[in-house]
Amino acid sequence: MPLFLSPLIGWALGALSAVVVAKVVAKEWQRINGELHPSGPVAEAPARETIPALRRDPKSGVYRPE
C-alpha cells in the first residue's frame, strides 16, 4: 500500500464521520425544539376594523381611542 493512501483514507473517514455527526446533531436538535415549542394553531390577528384609531389628547398628550 503506498504511503500517500493512508492519510487520504484518514481524511476521508474523518470527513464522513463529521457529516454523520452533523446530521445526527441536527435531527436531535429539531426533535428537542419540537418538544419544547410545539407548533399549534396560531391565533388570528384581530380585524383592522375592530381596532380603534388613536388620537392624541391635546391637553394631556396621551393617545386615546376615538
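Overview of results
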read-out: Whole-Hz ³J(HN,Hα) from phi, Karplus 6.51 cos²θ - 1.76 cosθ + 1.60, for the range 56-61, glycine and proline x; value: 7, 6, x, 6, 9, x
read-out: Gain on full stretching of the segment that runs from Glu35 to Val20 - 0.36 nm per residue minus C-alpha separation; value: 3.1 nm
read-out: Angle in degrees between helix 5-36 and the longest Cα principal axis of the chain, rounded to the nearest 10; value: 30 degrees
read-out: Residue (of Leu16, Ala53, Ser6) at the positive-pole extreme of the chain, dipole from beta-carbon charges; value: Ala53
read-out: Gain in span if fully extended, Ser6 to Asp57, counting 0.36 nm per residue against the direct Cα distance; value: 10.3 nm
read-out: Whole-number D in µm²/s for the chain (Stokes-Einstein; Kirkwood sum over Cα pairs; 10 °C, 1.306 mPa s); value: 86 µm²/s
read-out: Residue order, fewest to most surrounding Cβ atoms within 10 angstrom, among Lys59, Lys23; value: Lys59, Lys23
read-out: Those GluC sites (Glu not before Pro) in the range 1-50 that DSSP places in a loop and that have at most 11 other beta carbons within 10 Å; value: Glu44
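The numbers here are math on the coordinates, done by the rules we state, and not lab data. Note that the structure is a prediction, hence the values are computed from the model and not measured. Reconstructed Cβ throughout: ideal geometry from the backbone, glycine too, with neighbour counts over all protein chains shown.
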